[in-house]
1. Applying the selection to region 103-126, what residues are surrounded by fewer than 14 Cβ atoms within 10 Å (Cβ to Cβ) and either in a loop (DSSP other than H, G, I, E, B) or in contact with a Phe, Trp or Tyr (Cβ under 9 Å, 6 or more places away or on another chain) (or both)?
2. Do any residues in region 76-103 that are over 17 Å from THR24 (Cβ atoms) have Cβ atoms under 7 Å from those of residues that are within 9 Å of the ligand (Cβ to nearest atom) and among the β-branched types (Val, Ile, Thr), where the two are at least six apart or on different chains, and which pairs are they?
3. Going residue by residue through region 74-96, is there one that turns out to be of a type in the set (D, E, K, R), open to solvent by less than 40 Å² (accessible area, probe 1.4 Å) and either over 13 Å from the mean Cα position of the chain (by Cα) or within 12 Å of the ligand (Cβ to nearest atom) (or both)?
4. Would you please list the contacts, defined by Cβ atoms under 6 Å and residues six or more apart or on different chains, that run from a residue in region 113-130 that is within 21 Å of ASP12 (Cα to Cα) to a residue that is of a type in the set (Lys, Arg) and surrounded by 20 or more Cβ atoms within 10 Å (Cβ to Cβ)?
5. Within region 56-73, restricting attention to residues that are in a helix (DSSP H, G or I) and open to solvent by 40 Å² or more (accessible area, probe 1.4 Å), which residue is nearest to the ligand (Cβ to nearest atom)?
6. So which of GLY129, GLY100 is part of a loop (DSSP other than H, G, I, E, B) and not polar (S, T, N, Q)?
7. Name the helices (runs of 4 or more DSSP H) wholly inside region 2-55 in which the number of residues that are crowded, with 16+ Cβ neighbours inside 10 Å and in contact (Cβ under 8 Å) with a residue 40 or more places away in the chain is 2 or more.
8. Restricting attention to region 104-119, which residues are more than 10 Å from the ligand (Cβ to nearest atom) and within 14 Å of the chain's Cα centre (by Cα)?
Amino acid sequence: MPQQTLAIIKPDAVKKRVVGKIITRIEDEGFTIARLKLVHLSPDEAKGFYAVHKEKKFFSSLTEFMSSGPVVVMALEAEDAIRRWREVMGATDPALAAPGTLRRLYGFSIERNAVHGSDATETAEWEVGYFFKKKP
Ligand code: GDP
């Protein structure tokens with residue numbers, strides 16, 4: 001069974017007009033785009049999505065950033081999708097991300113790092129459900 005992961009093209013990358021490049025990379029890497037939408041998160045929706053980080057000192061800055069402009073949200077499908085998408089994204093800090101990874105190519109800072117990806121099976125399920133209703 002292919003696995004699903006939640007991917008987000010963050011506001012910095014949408015503003016930079018690299019949505020097309022990132023989606024091309026997603027398809028070239030063999031992921032199937034199962035769901036896709038463009039949304040502008042409210043501050044509360046961003047806070048809900050990042051609730052696990054609510055004790056972190058960067059929480060308010062992160063949620064302000066994530067609600068600062070539209071994002072592209074996708075459910076990506078592939079064998080081992082969660083691990084593979086994180087590999088394509090690269091390390092959280094673009095300066096430390098491997099050459100050729102999306103964060104290295106398009107990220108600006110540890111916060112404005114172009115893309116999001118789920119980090120585990122349970123979080124992926126929860127994150128996909130946060131944005132997309134289950135198909136009937
Ligand atoms: P990820 O799984 O690689 O996205 O990293 P985390 O789950 O640790 O953090 C979630 C998001 O919070 C990251 O993608 C960044 O946008 C942001 N973030 C992480 N660490 C920091 C930090 O030290 N400072 C700031 N301002 N933002 C951070």
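The values are calculated or read from the model by the stated rules, or taken from the named source; none is laboratory data. Note that the coordinates shown come from a computational prediction; the quantities given were computed from them, not determined experimentally. Heads up, the Cβs are rebuilt from the backbone with ideal geometry, glycines too, and the neighbour counts pull from every protein chain shown. Keep in mind that these areas ignore ligands, DNA and RNA; they rest on the heavy atoms of the full protein, side chains included. Shrake-Rupley method; radii C 1.70, N 1.55, O 1.52, S 1.80 Å.
1. Across region 103-126, the qualifying residues are SER109, ALA120.
2. THR92/ILE110; ASP93/ILE110
3. Looking through region 74-96, none of the residues is of a type in the set (D, E, K, R), open to solvent by less than 40 Å² (accessible area, probe 1.4 Å) and either over 13 Å from the mean Cα position of the chain (by Cα) or within 12 Å of the ligand (Cβ to nearest atom) (or both).
4. Going by the 6 Å Cβ cut-off, the qualifying pairs are ASN113/ARG103; ALA114/LYS10; ALA114/ARG103.
5. SER61
6. Just a single option satisfies the conditions, and that option is GLY100.
7. Result: 11-15, 19-28.
8. TYR106 - this is the single residue of region 104-119 that is more than 10 Å from the ligand (Cβ to nearest atom) and within 14 Å of the chain's Cα centre (by Cα).
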